[in-house]
Amino acid sequence: MTKKASLLFAAAILFFAGCTKRSDQPATASTENAEESEVMQKNVGEEIPEEPNYSSLLLDVLAKAEIPQDISLKIQESMAENSDFIQDISGILQDDPYLWILVDKEHSLPENYEPDDLVKLKKGSYKVNKNGLSLRNAAAASLEEMAVAAKSKKLTLTVSSAYRSYKYQTNIHKRSIKTLGQKAADRGSARPGYSQHQLGLVVDFGTITDAFAKTAEGRWLLANASSFGWSLSYPQGYEKVTGYRWESWHYRYTGKELAKFIETYFDGIQQYALRFLHEWVQATALPLQNDTEKNINS
Ligand SMILES: [Zn+2]
């Protein structure tokens, strides 16, 4: 996506987010009968716009996003208790859209999407396993912050993989199919365009094997990454939900706000939260959805 398209996309999202807060209908211009004219006056005179009916919208979105019953009920209860849920959503949606955009087995990035603020990772408080690894600026800064905290516990985080271009992912996936066969390859490696790594917001830590989960670094990340704005994308026992086998090493930078949102409302399951936001944006942005899609795919 070009920078212009990305800005357009962000602007469209902002516009939608703004729309949901306004009153649903503008006053009608027709004055054919007294009743309509009265309605019009009432609308004109209203100072506080009517809040849209979030509870029916919420139910609809929860169902479309296939959020499990227990999480769904918890969210409805928290809404009923007047939590910050809606405010949290609009805060997140006003941030960089690539922090929350859904990239999974069914939702891809365009072939030409390449972040425009990639920075080369230099050995900092963390180790880098090979040369030439890069991440988007904000993710790199946050990684350093997290690595400093890990270091204070005498742990050194090791980055083994980070940003991957569409082309690079094409080669990885081809190689994976060759050695493992199509089915096994699809469990562990994304088709080009469908990899979160193309976002420039993802790090694979350590050995990239299941053994990583048992290391001190793996355990520390599982317990602490979200407070630095990172979220485990493919947790254990959720292959049916995420489409990927457990990857104890693969973390996506979502920013602190979204990471907290995932923990607070979605039991730490990133896929549920991103699917929810995806459906939320579609549901609240219906009239302009085609434009958004055009922008995403341009
Ligand atoms: Zn990965």
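Odds and ends about this structure:
- Selection from segment 210-230 of residues that are within 12 Å of Gly268 (Cα to Cα) and within 13 Å of the ligand (Cβ to nearest atom): Trp230
A quick yes/no check of all residues on (1) aromatic (Phe, Trp, Tyr); (2) touching a Leu at 6+ places or on another chain (Cβ under 8 Å):
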| position | (1), (2) |
| --- | --- |
| Gly181 | no, no |
| Ala190 | no, no |
| Gly200 | no, yes |
| Val203 | no, yes |
| Thr209 | no, no |
| Tyr244 | yes, no |
| Thr264 | no, no |
| Asp267 | no, no |
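- Scanning segment 155-169 turns up one or more residues that are hydroxyl-bearing (Ser, Thr, Tyr), within 13 Å of the ligand (Cβ to nearest atom), assigned to a helix (DSSP H, G or I) and surrounded by fewer than 18 Cβ atoms within 10 Å (Cβ to Cβ).
- Only a single criterion out of (1) open to solvent by 10 Å² or more (accessible area, probe 1.4 Å); (2) at pLDDT below 95; (3) within 29 Å of Ala216 (Cα to Cα) is not satisfied by Ala149, namely (2).
- Hits in segment 182-209 (condition: within 18 Å of Gln236 (Cβ to Cβ), part of a loop (DSSP other than H, G, I, E, B) and either more than 15 Å from the ligand (Cβ to nearest atom) or open to solvent by 40 Å² or more (accessible area, probe 1.4 Å) (or both)): Thr207, Ile208, Thr209
- Inspection of segment 133-140 finds a residue satisfying the criterion of being farther than 17 Å from Tyr98 by Cα and either open to solvent by less than 50 Å² (accessible area, probe 1.4 Å) or over 20 Å from the mean Cα position of the chain (by Cα) (or both).
- Residue count for segment 236-270, restricted to those that are out of contact with any Asp or Glu (no Cβ under 9 Å at 6 or more places or on another chain), more than 16 Å from the ligand (Cβ to nearest atom) and charged (D, E, K, R): 3
- Against the list (1) within 14 Å of the ligand (Cβ to nearest atom); (2) free of Cβ contacts under 8 Å to residues at least 40 places away in the same chain; (3) open to solvent by 10 Å² or more (accessible area, probe 1.4 Å), the condition Ser233 fails is (3).
- Of the residues Arg245, Arg252, the single one that is in contact (Cβ under 8 Å) with a residue 24 or more places away in the chain, under 19 Å from Tyr163 (Cβ atoms) and not assigned by TED's automatic domain parsing to the domain that holds Leu62 is Arg252.
- Thr179 being of a type in the set (S, T, N, Q), within 14 Å of the ligand (Cβ to nearest atom) and open to solvent by 50 Å² or more (accessible area, probe 1.4 Å): no
- Within segment 236-264, the residues that satisfy the criterion of being open to solvent by less than 20 Å² (accessible area, probe 1.4 Å) and within 15 Å of the chain's Cα centre (by Cα) are Thr242, His250, Tyr251, Arg252, Thr254, Gly255, Leu258, Ala259, Phe261, Ile262.
The values are calculated or read from the model by the stated rules, or taken from the named source; none is laboratory data. Every value quoted in this text rests on a predicted model; they were computed, and no experiment measured them. All Cβ positions, glycine included, derive from the backbone under ideal geometry; neighbour counts span all protein chains shown. Heads up: the accessible areas ignore ligands, DNA and RNA and are worked out on the full protein's heavy atoms, side chains in. Shrake-Rupley method; radii C 1.70, N 1.55, O 1.52, S 1.80 Å.
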